[in-house]
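What follows is a set of notes on a single structure, which appears directly below.
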Amino acid sequence: MAHPYQVLTPTAVLDALSDLGLPVDGRLSALSSYENRVYLVYLDDDSSVVAKFYRPGRWDLAQIEEEHAFTAELVAEDIPVVGPLPLHGKTLHSMHVSHDDRDSHFWFSVSPRRGGRAPELDDPEVLMWIGRLMARMHLVGERQAFAVRPALNLHTFGEQPREQLLSQQQIVPEVRAQWQALCDQALQQVRDRIPSDLQQLRLHGDCHPGNILWTPLGMPQAGPHFVDMDDARMGPAVQDLWMLVHGEPDERRRKMAAVLEGYESVRPFDDRELLCIEALRTLRIIHYSAWLAGRQDDPAFPMHFPWFGTADYWRGQCDTLREQIDLMG
């Protein structure tokens with residue numbers, strides 16, 4: 001059976017936007033996105049918008065609407081987040097595509113185009129700026145909890161992915177027992193590392209450098225802005241911070257200090273969360289393998305991730321888990 005995205009042709013994308021009254025001129029290009037399908041679509045006046053088609057079956061209607069409501073809260077507080085445009089009184093739209101007697105349904109949104117380049121994360125001033133903005137996002141995020149979107153925790157990012165990988169026989173037999181033992185050891189250390197009483201709040205959820213774009217100083221809306229709220233969920237504040245810092249341990253500590261200097265000028269930070277970073281990194285590693293495994297029916301994934309599932313891949317995962325066990329030990 002064809003994957004739903006295989007029927008999402010350029011014509012279907014343009015027709016969906018035209019049905020909303022947008023004067024598309026026939027030009028579009030696919031943007032980098034694996035989880036969803038995202039397109040830059042040009043209009044008759046030479047302006048452009050970004051159309052995002054949600055992966056069928058990943059989020060339900062209420063969960064997507066909750067993401068949009070959170071984004072709207074952030075925009076209302078003048079936090080530089082790129083959110084969906086309200087068209088005909090709503091930000092989420094529905095379309096059906098018929099192909100070979102099969103009817104596929106998609107939820108989609110349309111956002112303004114915001115360009116930018118990667119932020120200079122070696123610059124302490126940039127890190128402090130992002131820290132201040134993230135603190136402002138978290139002040140909004142702690143006002144209330146998500147009602148239907150999931151949390152990022154040991155169960156959702158650790159135990160569930162582990163069970164998925166093992167039950168679906170995703171791990172090659174010669175590495176399976178070794179990976180399972182290392183994963184179990186790592187998850188036990190995660191349990192010991194993350195205090196049960198840490199504050200949980202609404203997060204961006206996937207705040208890696210690729211989801212922050214920088215507009216040069218001197219231009220309108222200069223500085224960083226956040227994109228792709230698709231992974232917004234409940235979790236500890238540090239989840240939105242640790243992916244911003246890279247390098248050797250001393251370098252990461254310096255960078256995190258700059259982020260927190262900016263962050264704590266706006267919102268208090270629980271220092272215990274710093275001890276959770278390697279545990280959260282471990283959960284992300286396990287979850288990533290399960291994410292790749294669960295997307296193999298999408299033709300884009302075997303094409304872009306041909307190394308997934310090989311014996312070498314799983315041996316590499318074992319090595320990575322050993323490193324994380326040492327770092328958490």
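See the values below:
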| item | result |
| --- | --- |
| So Gly57, is it on the phi > 0 side of the Ramachandran plot and either part of a strand (DSSP E or B) or of a type outside the set (Asp, Glu) (or both) | yes |
| Considering residues of the stretch 220-251 that are in a loop (DSSP other than H, G, I, E, B) and touching a Cys at 6+ places or on another chain (Cβ under 8 Å) only, the residue nearest to Leu121 (Cα to Cα) | Leu241 |
| Given (1) touching a residue at least 40 places away in the same chain (Cβ under 8 Å); (2) out of contact with any Cys (no Cβ under 7 Å at 6 or more places or on another chain); (3) part of a helix (DSSP H, G or I), number of the condition Tyr313 does not satisfy | (1) |
| Which numbered condition Asp103 misses (of (1) in a loop (DSSP other than H, G, I, E, B); (2) free of Cβ contacts under 8 Å to residues at least 40 places away in the same chain; (3) of a type in the set (D, E, K, R)) | (1) |
| Considering residues of the stretch 192-219 that are under 10 Å from the mean Cα position of the chain (by Cα) and part of a helix (DSSP H, G or I) only, the residue nearest to Pro80 (Cα to Cα) | Asn211 |
| Leu74 vs. criteria touching an Asp or Glu at 6+ places or on another chain (Cβ under 9 Å) and crowded, with 19+ Cβ neighbours inside 10 Å | no |
| For Arg295: the one exception among (1) in a helix (DSSP H, G or I); (2) farther than 25 Å from Met137 by Cα | (1) |
| Any pair with Cβ under 9 angstrom, 6 or more apart, that starts in the stretch 73-98 at a residue that is in contact (Cβ under 8 Å) with a residue 24 or more places away in the chain and within 18 Å of Lys52 (Cα to Cα) and ends at one that is among the aromatic types (Phe, Trp, Tyr) and in a loop (DSSP other than H, G, I, E, B) | Leu92/Tyr54 |
| Sole residue being in a loop (DSSP other than H, G, I, E, B) and within 18 Å of Phe226 (Cα to Cα), chosen from Leu85, Leu40, Leu22 | Leu85 |
| Exclusive hit being surrounded by fewer than 19 Cβ atoms within 10 Å (Cβ to Cβ) and either without any contact (Cβ under 8 Å) to a residue 12 or more places away in the chain or closer than 30 Å to Cys318 by Cβ (or both), set Glu142, Glu120, Glu163 | Glu163 |
| Cβ pairs under 9 Å, 6+ apart, first in the stretch 183-206 and in contact (Cβ under 8 Å) with a residue 60 or more places away in the chain, second surrounded by fewer than 13 Cβ atoms within 10 Å (Cβ to Cβ) | Gln189/Gly329; Leu201/Arg143; Leu201/Ala145; Arg202/Arg143; Arg202/Gln144; Arg202/Ala145 |
| Any chance Asp46 is surrounded by fewer than 14 Cβ atoms within 10 Å (Cβ to Cβ), among the charged types (D, E, K, R) and more than 18 Å from the chain's Cα centre (by Cα) | yes |
| Neighbours by Cβ (under 6 Å, 6+ apart or cross-chain): first from the stretch 4-25, farther than 14 Å from Leu40 by Cα; second modelled with pLDDT under 95 and of a type in the set (S, T, N, Q) | Pro4/Ser104; Val7/Ser104 |
| Options Arg114, Arg136; residue that is in a helix (DSSP H, G or I), touching a residue at least 12 places away in the same chain (Cβ under 8 Å) and not aromatic (Phe, Trp, Tyr) | Arg136 |
| Unmet requirement for Ser104, which otherwise passes all of (1) of a type in the set (S, T, N, Q); (2) in the same structural domain as Leu40 (by TED's automatic domain parsing); (3) surrounded by fewer than 17 Cβ atoms within 10 Å (Cβ to Cβ) | (3) |
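Quick grid of which residues meet (1) within 21 Å of the chain's Cα centre (by Cα); (2) modelled with pLDDT of 95 or more; (3) farther than 19 Å from Gln160 by Cα:
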site	(1), (2), (3)
Val238	yes, yes, yes
Leu241	yes, yes, yes
Glu248	no, no, yes
Glu273	yes, yes, yes
Ala279	yes, yes, no
Arg284	yes, yes, no
Gln296	yes, no, no
Asp312	no, yes, yes
Arg322	no, yes, yes
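The values are calculated or read from the model by the stated rules, or taken from the named source; none is laboratory data. Every value quoted in this text rests on a predicted model; they were computed, and no experiment measured them. Note: ideal-geometry Cβ built from the backbone for every residue, glycine included; neighbour counts use all protein chains shown.
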